[in-house]
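Data first, discussion second: the structure below is written as structure tokens.
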Amino acid sequence: MKLLIDMGNSRLKWAVENQGQLAGGIAVNNGLLSAETLRQRWHALPPPSCIGIASVSAGPLLALVASMAAELWPDARIIQAKSQKQAFGVTNAYQQPEKLGVDRWLALIAAHRHYPAAACVVDCGTAITVDLLEANGEHRGGYISPGLALMKQALAQGTNALPLIDSHYPDQPAQSTEAAIHSGTLLAARGLIEHVLATRAAPSQLLLTGGDASIIAEHLNIPAVIDSDLVLRGLAIAVEGQA
């Protein structure tokens, strides 16, 4: 059994992988992470043979997770995933491959393994990242924009009067400020994704992951596959290659 940990900008997701099957745990917001929280989540798990960690940044939270994993399972090997120039059939388009976010890299690996076709991989999280992948595993590069929550926060913090909202409204011209913010941020995300796909020379399947994937998918005019565990699936592949 392997323990897989995906540390994003806003929350920690984890799952156990056993004979190719993932069983996910409940995600924890980064602001709530503590030694006691992790101990409560993990103490009843069977000892893993290895622990895979994907973290978008180094810092105290990564150190906390690594130390708790070592405390609970001192015999388990800890593997921290890194973006590479080429691995698992995928070629990284970045001139400095290590600068590609590890979550994006792992999502590309999983897309190539589990959805073997040209793909547009969109992570709808704190940031919205869009990556283009050819059927042969060649990464064409990508785009980054603020996620829905960050767009709303920017409006609230950058103006004197606009509110920070967390409500849903119909997808139509708005008749209130709150509804206008909701619709405007969704259309910004939708416009980015649909424009990128429209510029592709050949058809690409659209893969969505991240916390806002289902919200954004509802407003797209293009069919999408939602795979909330795409990064964890990529981490499982990366760990498999090193275990």
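The values are calculated or read from the model by the stated rules, or taken from the named source; none is laboratory data. All values derive from a computational prediction rather than experimental measurement. All Cβ positions, glycine included, derive from the backbone under ideal geometry; neighbour counts span all protein chains shown.
For the stretch 211-226, the count of residues that are farther than 21 Å from K13 by Cα, part of a loop (DSSP other than H, G, I, E, B) and out of contact with any Asp or Glu (no Cβ under 9 Å at 6 or more places or on another chain) is at least one.
The rows are residues; the columns are (1) touching a residue at least 60 places away in the same chain (Cβ under 8 Å); (2) under 16 Å from I226 (Cβ atoms).
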site: L108; (1), (2): yes, no
site: A111; (1), (2): yes, yes
site: H114; (1), (2): yes, yes
site: A119; (1), (2): yes, yes
site: D123; (1), (2): yes, yes
site: V130; (1), (2): yes, yes
site: A135; (1), (2): no, no
site: G141; (1), (2): no, no
site: S145; (1), (2): no, no
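The residues of the stretch 77-91 that are within 19 Å of G52 (Cβ to Cβ) and touching a residue at least 40 places away in the same chain (Cβ under 8 Å), listed by number, are R77, I79, A81, A87, F88, G89, V90.
With respect to the conditions (1) part of a loop (DSSP other than H, G, I, E, B); (2) surrounded by fewer than 14 Cβ atoms within 10 Å (Cβ to Cβ); (3) modelled with pLDDT under 90, G241 lacks only one, and its number is (1).
Checked against (1) crowded, with 16+ Cβ neighbours inside 10 Å; (2) under 20 Å from the mean Cα position of the chain (by Cα); (3) in contact (Cβ under 8 Å) with a residue 24 or more places away in the chain, L72 passes all but a single condition, namely (2).
Go through the residues of the stretch 193-206 one by one and say whether even a single one is in contact with a helix residue (DSSP H, G or I) (Cβ under 6 Å, 6 or more places away or on another chain) and surrounded by 14 or more Cβ atoms within 10 Å (Cβ to Cβ). Among the residues of the stretch 193-206, not one is in contact with a helix residue (DSSP H, G or I) (Cβ under 6 Å, 6 or more places away or on another chain) and surrounded by 14 or more Cβ atoms within 10 Å (Cβ to Cβ), which makes the answer no.
Taking W42 as the residue in question, decide whether it is of a type in the set (F, W, Y), over 20 Å from D212 (Cβ atoms) and not assigned by TED's automatic domain parsing to the domain that holds A110. Yes.
Against the test of being in contact with a Leu (Cβ under 6 Å, 6 or more places away or on another chain), farther than 26 Å from M151 by Cα, surrounded by 15 or more Cβ atoms within 10 Å (Cβ to Cβ) and among the aliphatic types (A, V, I, L, M), the options I78, I51 yield a single qualifying residue, I51. Just one residue in the set G25, G8, G20 is under 18 Å from D227 (Cβ atoms), touching a Phe, Trp or Tyr at 6+ places or on another chain (Cβ under 7 Å) and outside the structural domain of W105 (by TED's automatic domain parsing); that residue is G25.
Rundown of residues vs (1) in contact with a Pro (Cβ under 7 Å, 6 or more places away or on another chain); (2) over 22 Å from L206 (Cα atoms); (3) exposed (fewer than 14 other Cβ atoms within 10 Å of the Cβ); (4) modelled with pLDDT of 95 or more, yes/no style:
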{"residue": "A110", "(1), (2), (3), (4)": "no, no, no, yes"}
{"residue": "R113", "(1), (2), (3), (4)": "no, no, no, yes"}
{"residue": "C120", "(1), (2), (3), (4)": "no, no, no, yes"}
{"residue": "D123", "(1), (2), (3), (4)": "no, no, no, yes"}
{"residue": "G158", "(1), (2), (3), (4)": "no, yes, yes, no"}
{"residue": "D166", "(1), (2), (3), (4)": "no, yes, yes, no"}
{"residue": "P170", "(1), (2), (3), (4)": "no, yes, yes, no"}
{"residue": "I181", "(1), (2), (3), (4)": "no, yes, no, no"}
